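The values are calculated or read from the model by the stated rules, or taken from the named source; none is laboratory data. Because the structure is a prediction, the values reported are computed rather than measured. Because the Cβ atoms are built from the backbone with ideal geometry, glycine has one as well, and the counts that use them run over all protein chains shown.
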Amino acid sequence: MSIRRYQKSDFNRLADIYDASRPDEFYAEKGDFTFVPWAENNYMMTIFKGSEIYVYEEEMVLGFCGFTDNHINWFFVHPDSRGKGIGDKLMTHLLTKLERGATLSVWKSNERAKSLYKKHGFLVYKEFYMNFQGEKLFLNRMVYA
């Protein structure tokens with residue numbers, strides 16, 4: 001088990017993890033959402049290129065996290081590897097790189113993710129909504145208190 005900096009050779013595996021995980025963020029939302037594969041999403045690629053990224057690997061990369069400035073943009077564990085403490089290990093590592101006041105955004109309905117973030121000291125401090133594929137979906141902004 002190790003957590004290390006992202007290398008370009010990791011990209012395809014990170015794309016696989018993102019593409020498999022992204023729909024799970026909407027498990028509690030009503031609607032049938034369509035997702036553009038990560039590698040084809042120019043907006044997400046721009047954010048990714050400006051982020052500091054770390055990967056968790058055992059025999060292969062199983063999850064990744066990353067941030068820009070003090071905002072967590074990326075936090076994904078492959079669905080087949082969840083429930084094994086990988087999220088806890090990634091978050092613990094990530095918080096060694098960030099200061100109090102670090103932020104992240106998460107779908108309000110995503111209680112699974114929010115429970116992990118709360119366990120590590122994040123608090124909801126703001127709620128806002130966005131139009132996502134014609135649906136008004138609420139997000140929580142969380143801060144590392």
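Odds and ends about this structure:
- Condition met for residue 82 (within 23 Å of residue 33 (Cβ to Cβ) and touching a helix residue (DSSP H, G or I) at 6+ places or on another chain (Cβ under 9 Å)): yes
- A Cβ distance below 8 Å, combined with a sequence gap of six or more or placement on separate chains, defines the contacts here; from the stretch 28-53, residues that are closer than 20 Å to residue 7 by Cα and in contact (Cβ under 8 Å) with a residue 12 or more places away in the chain reach residues that are assigned to a loop (DSSP other than H, G, I, E, B) and of a type outside the set (Val, Ile, Thr) in the pairs 53/6.
- Assessment of the stretch 63-76 against the conditions (small (Gly, Ala, Ser), surrounded by fewer than 17 Cβ atoms within 10 Å (Cβ to Cβ), at pLDDT 95 or above and out of contact with any Gly (no Cβ under 9 Å at 6 or more places or on another chain)) yields no matching residue.
- Positions within the stretch 119-145 being more than 17 Å from residue 74 (Cα to Cα), among the charged types (D, E, K, R) and either at pLDDT 95 or above or not in a strand (DSSP E or B) (or both), in sequence order: 119, 126, 127
- Residue within the stretch 102-118 that is assigned to a loop (DSSP other than H, G, I, E, B) and surrounded by fewer than 16 Cβ atoms within 10 Å (Cβ to Cβ) present: no
- Where a residue in the stretch 128-143 is loosely packed, with under 12 Cβ neighbours inside 10 Å and its partner, wherever it lies, is of a type in the set (Gly, Ala, Ser), with Cβ under 9 Å and at least six apart: 128/105; 133/31; 134/31
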